[in-house]
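Inspection log for the structure reproduced underneath, given as structure tokens.
The values are calculated or read from the model by the stated rules, or taken from the named source; none is laboratory data. Note that the structure is a prediction, hence the values are computed from the model and not measured. Ideal geometry is used to build each Cβ from the backbone, glycine not excepted, and the neighbour counts take in all protein chains shown.
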Amino acid sequence: MTILITGAAGRTSGYVIKALLESPNVSAPDLRLLVRSESAIEKVHARFPQLPPRPSFVIADFLEASTLPAAVQGVDVVFHNAPTFHPQETAMGIAMIDAAKEAGVKHFVYCSVLFPILTKLVNHIVKCHVEEYLIESGLNYTILEPTALMQNIDLERVQSTFKIYSWNGPDILEGYLDLEDLAAVARIVLLDPKTHNRARYELCGQNCSYADIAHEASAQLGRPIECEQVPREQIIAQGIKTSMLRGDYAIDAADRMLYYYEKRGIPGNNNVLRWLLGREPTTWTALLRRELKSS
């Protein structure tokens, strides 16, 4: 079975690649990794040297339809994860679905977002359109809907500053998911797609607030951790400076998301994740014990 991973140089897809390569049922030749450049190939290959540069990698662009047939040719299962805050994110998803269908791909796994129906959030509704197109495409599919990722909080910075810098109010309830749990679910689905055909899985590991996370980090580090909310204007400015936010669309979408987070979080339910994993989802307590070095 050949598995295509899109956005292979990105963080989420990197976790999925790692999880797949750790499976005894997957070898390097089973994977095909879609990237946009030779430099991305070098980046991914440096992390996973067991992957031969060719034919493990294919260079393609979601917005250049002519580059996609070669990427999906001979592929059995696609894992698609698109760049966030891109003005053509919906078009990218549609192009990938069309290419997969034309190539006779047997199953399409789409990494979406928890509650794509939240129309106030631009970065959610664009994924809702992709989900709709995929469901109506005739392809076998599975949709993964992860909530906010625990890895979005920089724990190295927490250790060095003894502060957690929050996007929303310290007491706002938010759903969190460990990227390793997301990757584990992706591996389960990719290696047994028939069992998960036509499923939409809401993936949430734990609901808690920034204050809760700070309290647990304090317990793990043995000293007080402050929770400091960063003004969204400052977050936007930093995103522009680091080129994470490019163009008016990305800036507006991020601004709406941060404003939404200031008023309400996006908590979820962890029953589905527990069932898929066959164990308790990773909690903040478990993740902090795994990642933090006690001082």
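Scan the strands (runs of 3 or more DSSP E) fully inside region 1-61 and keep the ones with 1 or more residues being within 21 Å of Met96 (Cβ to Cβ) and more than 18 Å from the chain's Cα centre (by Cα).
31-35, 57-59
I'd like the residue in region 172-191 that is of a type outside the set (Asp, Glu) and either modelled with pLDDT under 95 or farther than 25 Å from Arg32 by Cα (or both) and, out of all such residues, is surrounded by the most Cβ atoms within 10 Å (Cβ to Cβ).
My answer is Tyr176.
State all residues of region 69-89 that are hydrophobic (A, V, I, L, M, F, W, C) and either touching a Gly at 6+ places or on another chain (Cβ under 8 Å) or closer than 26 Å to Leu182 by Cα (or both); if no residue qualifies, say none.
Once the filter is applied, which keeps residues that are hydrophobic (A, V, I, L, M, F, W, C) and either touching a Gly at 6+ places or on another chain (Cβ under 8 Å) or closer than 26 Å to Leu182 by Cα (or both), region 69-89 yields Ala71, Val72, Val75, Val77, Val78, Phe79, Ala82, Phe85.
Of the numbered conditions (1) crowded, with 18+ Cβ neighbours inside 10 Å; (2) in contact with a strand residue (DSSP E or B) (Cβ under 6 Å, 6 or more places away or on another chain); (3) of a type outside the set (D, E, K, R); (4) closer than 23 Å to Arg256 by Cα, Cys208 satisfies every one except a single condition; which is it?
Only one criterion is unmet by Cys208, namely (2).
Every residue, every condition in (1) among the acidic types (Asp, Glu); (2) assigned to a helix (DSSP H, G or I); (3) surrounded by fewer than 19 Cβ atoms within 10 Å (Cβ to Cβ), yes or no:
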| residue | (1), (2), (3) |
| --- | --- |
| Ala250 | no, yes, no |
| Gly268 | no, no, no |
| Arg279 | no, no, yes |
| Arg289 | no, yes, yes |
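More than 22 Å from Cys204 (Cβ to Cβ) and among the β-branched types (Val, Ile, Thr): does that describe Thr84?
no
Kindly indicate whether Val77 is of a type in the set (A, V, I, L, M) and touching a residue at least 40 places away in the same chain (Cβ under 8 Å).
Criteria met by Val77.
Give region 222-243 a look and list any residue that's without any contact (Cβ under 8 Å) to a residue 12 or more places away in the chain and either assigned to a loop (DSSP other than H, G, I, E, B) or buried (at least 16 other Cβ atoms within 10 Å of the Cβ) (or both), or say none.
If the condition is that a residue be without any contact (Cβ under 8 Å) to a residue 12 or more places away in the chain and either assigned to a loop (DSSP other than H, G, I, E, B) or buried (at least 16 other Cβ atoms within 10 Å of the Cβ) (or both), then Pro231, Thr242, Ser243 are the ones that fit.
Output the residues belonging to region 155-196 that are free of Cβ contacts under 8 Å to residues at least 40 places away in the same chain and under 20 Å from Thr285 (Cβ atoms).
Correct list: Glu156, Arg157.
Yes or no: region 19-40 includes at least one residue that is of a type in the set (S, T, N, Q) and in contact with a Pro (Cβ under 8 Å, 6 or more places away or on another chain).
No, the conditions are met nowhere in region 19-40.
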